[in-house]
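These notes are about the structure you will find just below.
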Amino acid sequence: MTKKFLLYSSPVVLMFMSIALFEPWIYRTFITSSEINERLKGEHFDIIAHKGASGLAPENTLAAFEKAIEIGVDMIELDVRNTGDEEIIVFHDETLERTTNGTGLVHDYTLAELKELDAGSWFDPKFSDQKIPTIKEALDLINGRCKVLIEIKHMDHPHYHDFAEKLVDVIREEPNGYEWIILQSYDVEYIEEAHKYDDHVQTKKLMIGEDSAPLISFYVETKMHLGRAKEDDRMKALNPEFHTLSTRRVFRMHARGFEVYTYAPNTREDMVKMLHMGVDGIITDYPNILMDLRNEIEAL
Ligand code: G3P
Ligand code: CA
């Protein structure tokens, strides 16, 4: 009886497991449309420039932030790290090679040394004047003209002992900083430290890096962190990688009271699919494409 039951039930179990595993792919491929249609009429969504308008200017530079503001984005996302002399700079990678003419680990250099580097020519020689900005220079330039989403990169290094607190101090120095500057991290501890230090600060939780196995880790993270995050009403949004999303998952996150900002669809087709799934914001390298979409939807 048990053997027979197992034999007959296993195809059904397998079918449910496959549907669960391939759910986002099924939604993206068969259910959500890649065309703008009436369903999107009146939908509000935030346009967030990933590392500035990083498809149009070198990422995380003042030029990329100016470009994003010129496009009219709602928010700029940027990444922060510490220098060897514990100054906070805007920089994505742990090492210098990809986006500057320097070599080695960022935190092995002082701010003065890093300021000597060219942070723009790798993208286009016309940006050769771009330097690695400090967080203060970036925030002073943006100056509340749009919101800023600061991603705290995780670093297991003594320099980072009170990094969240230092960032909160930077937010406090900016006029009305609490209103337009938001912290986010994959690492929930940074977010908790920031809140412990100052409860006024706004935060978001990032989910699923591109390099992790998306579906399995999505389930693990949903089970481990979503429940915990739910109890913390200061955490306003969950920001998942876009391949892991489906309409049902967006619905479930909304039902738990979170906004959903997804990163980083860069084609019009993927952006429209995300909008059909009901996300609240899209973090993209090409905010110009998303702005064109917004204008088309408004004209519907
Ligand atoms: O804002 C989310 C996104 O920026 C996380 O990935 O690698 O681009 O910093 P990454
Ligand atoms: Ca980032």
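List the relative contact order of region 70-196 as a percent without decimals, with contacts defined as Cα pairs under 8 Å and 6+ residues apart.
On the way: 194 pairs, mean separation 30.6, N = 127.
Relative contact order comes out at 24 percent.
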Review point. Comparing Val90, Val13, Val250, which has the greatest mean-square fluctuation in the GNM of the chain with Cα pairs linked when under 10 Å apart?
Key: Val13
Revision key, fill the gap. Expressed as a whole-number percentage, the relative contact order of the chain with C-alpha contacts under 8 angstrom and at least six residues apart is 21
**Study point:** Farthest toward positive dipole pole in region 26-66 [+1 Lys/Arg, -1 Asp/Glu at C-beta], among His44, Ser34, Ala57
**Key:** Ser34
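Which helices, taking whole DSSP H runs in the chain, have alpha carbons extending 24 angstrom or more along the helix axis plus mean Kyte-Doolittle at least -1.0?
Numbers: long enough: 2-26 (34 Å, 1.07).
Once both thresholds are applied, what remains is 2-26.
So how do Val188, Val279 line up by other beta-carbon neighbours within 10 Å, fewest first? Let's see the in-between values first.
Details: Val188 17, Val279 27.
Going from sparsest to densest Cβ surroundings: Val188, Val279.
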Revision key, fill the gap. If one builds a Gaussian network model of the chain from Cα atoms under 10 Å apart, the most fluctuating residue listed among Pro24, Pro175, Pro133 is Pro175
Exercise for review: Rounded to the nearest Å, what's the spacing between the alpha carbon centres of region 265-285 and region 2-16? Just the number, please.
Suggested key: 38
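Using a Förster distance of 45 angstrom, determine the FRET efficiency expected from the C-beta separation of Ser34 and Ala112, and round it to 0.05.
Values: r = 49 Å, r/R0 = 1.08.
It comes out at approximately 0.40.
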Review point. Roughly how big is region 38-298's charge dipole about its Cα centre, with Cβ charges of +1 (Lys, Arg) and -1 (Asp, Glu), in debye to the nearest 20?
Key: 1120
Practice item. List, in the order given, every pair from Lys131/Lys273; Lys41/Lys153; Lys67/Lys273; Lys126/Lys166; Lys166/Lys273 whose Cα-Cα distance in the structure shown is over 27 Å. Key: Lys131/Lys273; Lys41/Lys153; Lys126/Lys166; Lys166/Lys273
Exercise for review: Could you list which residues have their amide H under 5 Å from that of Glu151, counting only those 5 or more apart in sequence or on another chain, with H placed in the peptide plane?
Suggested key: Leu78, Asp79, Val80, Gln184
Check your understanding: Using the scaling law 2.2 N^0.38 Å as the reference, what is the normalised Cα Rg of the chain?
Key -> 1.08
Revision key, fill the gap. When the chain is treated as a Gaussian network with springs between alpha carbons less than 10 Å apart, the largest mean-square fluctuation among Met15, Met277, Met75 is found at Met15
Exercise for review: Could you list which residues have their amide H under 5 Å from that of Asp46, counting only those 5 or more apart in sequence or on another chain, with H placed in the peptide plane?
Suggested key: Gly281, Ile282
Check your understanding: Across region 120-126, in residue order, what do the Karplus-derived ³J(HN,Hα) couplings come to in whole Hz, using 6.51 cos²θ - 1.76 cosθ + 1.60 with θ = phi - 60° and x for Gly and Pro?
Key -> x, 5, 4, 8, 6, x, 5
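Counting only helical runs of four or more DSSP H residues, what would the 222 nm mean residue ellipticity of the chain come to if each run contributes -39,500 (n - 2.57) and the total is spread over all its residues? Can you show the working numbers first?
Details: 12 runs with 118 residues, N = 300.
Value at 222 nm, helices only: -11500 deg cm²/dmol.
Laboratory data are not the source of any read-out in this text; all were calculated from the coordinates shown. Remember, predicted model here, so these are calculated numbers, not experimental data. Reconstructed Cβ throughout: ideal geometry from the backbone, glycine too, with neighbour counts over all protein chains shown.
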